[in-house]
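The values are calculated or read from the model by the stated rules, or taken from the named source; none is laboratory data. Predicted model only: the values in this text are computed from it and were never measured. Methodologically, a virtual Cβ is constructed for each residue, glycine included, from the backbone with ideal geometry; neighbour enumeration extends over all protein chains shown.
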Amino acid sequence: MFQNITVIGAGTMGNGIAHVFAQYGFIVALADVNATQLEKAIATINKNFDRQISKGIITEEQKQTALHHLTTFTDIAAAVANAATENIDLKLKIFQQLDAAAPPNAVLASNTSSISITKIASVTKRPQQVIGMHFMNPVPVMKLVEIINGYSTSKNITDAIIELSKHLNKIPCVVNDYPGFIANKILMPMINEAIYSLYEGMAGVEEIDTIMKLGMAHPMGPLQLADFIGLDVCLSILNVLHQGFGNPKYAPCPLLVNMVTAGKLGAKSGEGFYLYQAGSKDLAVSNQFKR
Ligand SMILES: NC(=O)c1ccc[n+]([C@@H]2O[C@H](COP(=O)([O-])OP(=O)(O)OC[C@H]3O[C@@H](n4cnc5c(N)ncnc54)[C@H](O)[C@@H]3O)[C@@H](O)[C@H]2O)c1
């Protein structure tokens, strides 16, 4: 059903989404307002394809074919997947632009972590063709796609996106459109609670993450996960949950707010709860939290 995919935003998620679509034979255009970000994304995609080659998942020839299917540009033309910054005003503006530029039969999908799909759909003239397609980070590795039905999303569009996700070798799960959907409505309170525990001095970064890793068999602790997601993204999602449900239990921890204000956004900025030095695989707690 789909052949052409345009991904808007080439950050943490956009490069992974473009990678997977190109790997599975789609013609992919990757757009970002920032040209340097596009260069970085192509370098990351190359590196991740090489990792897949070394693991025997794809061949060098498949990598070359996929790269051949991938182009970058700094203008929006048409899109089905959106991975631009998690900011409601920006998302609404982008979807208005996409609605005006995309062919009438194009589906507009958002990778938003928490912004209402119904709200995004309401600024377009095709609310029945707007849907959430929430990939997980890192996209080439994680199997889940959380599909979010907006209030007006039509059943044939949901069915087509389920098929598309399966075609990408992912496992789709369909949910309804309420704040945080399912993934983040459950994950973010845990991350926020971990940050509160640090803020209240109950335990250090390593202790909190080790307890959750070893005690709950999580592959990484909640503070490390928050660093990987991006602390700005976590803060935006908590604000959406807080406002959307009107329940104080979702209020973001003041420490998280301070870290984002200070520009400590986690792995992508080089520092969050941990330090991320180029080339180093060791996990070092940020000096701010050394005990
Ligand atoms: N980080 C995660 O783990 C994760 C997981 C699932 C979903 N998401 C969602 O994916 C989206 C992107 O998150 P991210 O972590 O990749 O963010 P990011 O900050 O790494 O990247 C966002 C990119 O969008 C670009 N951008 C901003 N305005 C733009 C515009 N007008 N047109 C085109 N590009 C524009 C920025 O230059 C940047 O490269 C958000 O909606 C987020 O909620 C994130």
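Computed values, structure above
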{"item": "Filter pass, S114 being under 20 Å from the mean Cα position of the chain (by Cα) and small (G, A, S)", "result": "yes"}
{"item": "Matching entry among I76, I148 (being within 12 Å of the ligand (Cβ to nearest atom) and either surrounded by fewer than 17 Cβ atoms within 10 Å (Cβ to Cβ) or over 20 Å from A18 (Cβ atoms) (or both))", "result": "I148"}
{"item": "Any hit, the stretch 229-245, residues being away from the ligand (no atom under 16 Å from the Cβ) and either in contact (Cβ under 8 Å) with a residue 60 or more places away in the chain or in contact with a Lys or Arg (Cβ under 8 Å, 6 or more places away or on another chain) (or both)", "result": "yes"}
{"item": "Condition met for K125 (charged (D, E, K, R), surrounded by fewer than 14 Cβ atoms within 10 Å (Cβ to Cβ) and within 16 Å of the ligand (Cβ to nearest atom))", "result": "no"}
{"item": "Options P189, P179, P219; residue that is surrounded by fewer than 18 Cβ atoms within 10 Å (Cβ to Cβ), in contact (Cβ under 8 Å) with a residue 60 or more places away in the chain and closer than 23 Å to V145 by Cβ", "result": "P189"}
{"item": "Enumeration of residues in the stretch 35-84 that are among the polar types (S, T, N, Q) and within 18 Å of L98 (Cβ to Cβ)", "result": "T71, T72, T74, N82"}
{"item": "Test result for L108, of a type in the set (A, V, I, L, M, F, W, C), crowded, with 16+ Cβ neighbours inside 10 Å and more than 30 Å from V257 (Cα to Cα)", "result": "yes"}
{"item": "When residues of the stretch 252-267 are limited to those that are more than 10 Å from the ligand (Cβ to nearest atom) and in contact (Cβ under 8 Å) with a residue 24 or more places away in the chain, the one surrounded by the most Cβ atoms within 10 Å (Cβ to Cβ)", "result": "M259"}
{"item": "Failed item, numbered, when A203 is tested on (1) in a loop (DSSP other than H, G, I, E, B); (2) over 23 Å from P138 (Cβ atoms); (3) under 22 Å from the mean Cα position of the chain (by Cα)", "result": "(3)"}
{"item": "Every residue from the stretch 269-291 that is of a type in the set (D, E, K, R) and crowded, with 17+ Cβ neighbours inside 10 Å", "result": "E271"}
{"item": "Unmet requirement for S286, which otherwise passes all of (1) out of contact with any strand residue (DSSP E or B) (no Cβ under 8 Å at 6 or more places or on another chain); (2) within 19 Å of F228 (Cβ to Cβ); (3) in contact (Cβ under 8 Å) with a residue 40 or more places away in the chain", "result": "(1)"}
{"item": "Set I94, I115: member being modelled with pLDDT under 95, within 14 Å of the ligand (Cβ to nearest atom) and outside any loop (DSSP other than H, G, I, E, B)", "result": "I94"}
{"item": "Pairs, first without any contact (Cβ under 8 Å) to a residue 24 or more places away in the chain in the stretch 81-101, second assigned to a helix (DSSP H, G or I) and crowded, with 22+ Cβ neighbours inside 10 Å, C-beta under 6 Å, six or more apart", "result": "none"}
{"item": "Unique match (being touching a helix residue (DSSP H, G or I) at 6+ places or on another chain (Cβ under 9 Å), in contact (Cβ under 8 Å) with a residue 60 or more places away in the chain and among the hydroxyl-bearing types (S, T, Y)) among T72, T65, T44", "result": "T72"}
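Conditions (1) closer than 30 Å to V240 by Cα; (2) within 19 Å of the chain's Cα centre (by Cα); (3) within 10 Å of the ligand (Cβ to nearest atom), marked per residue:
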| position | (1), (2), (3) |
| --- | --- |
| T6 | yes, yes, no |
| Q23 | no, yes, no |
| A29 | yes, yes, no |
| V33 | yes, yes, yes |
| I42 | no, yes, no |
| K63 | no, no, no |
| H68 | no, no, no |
| E86 | yes, yes, yes |
| D89 | yes, yes, no |
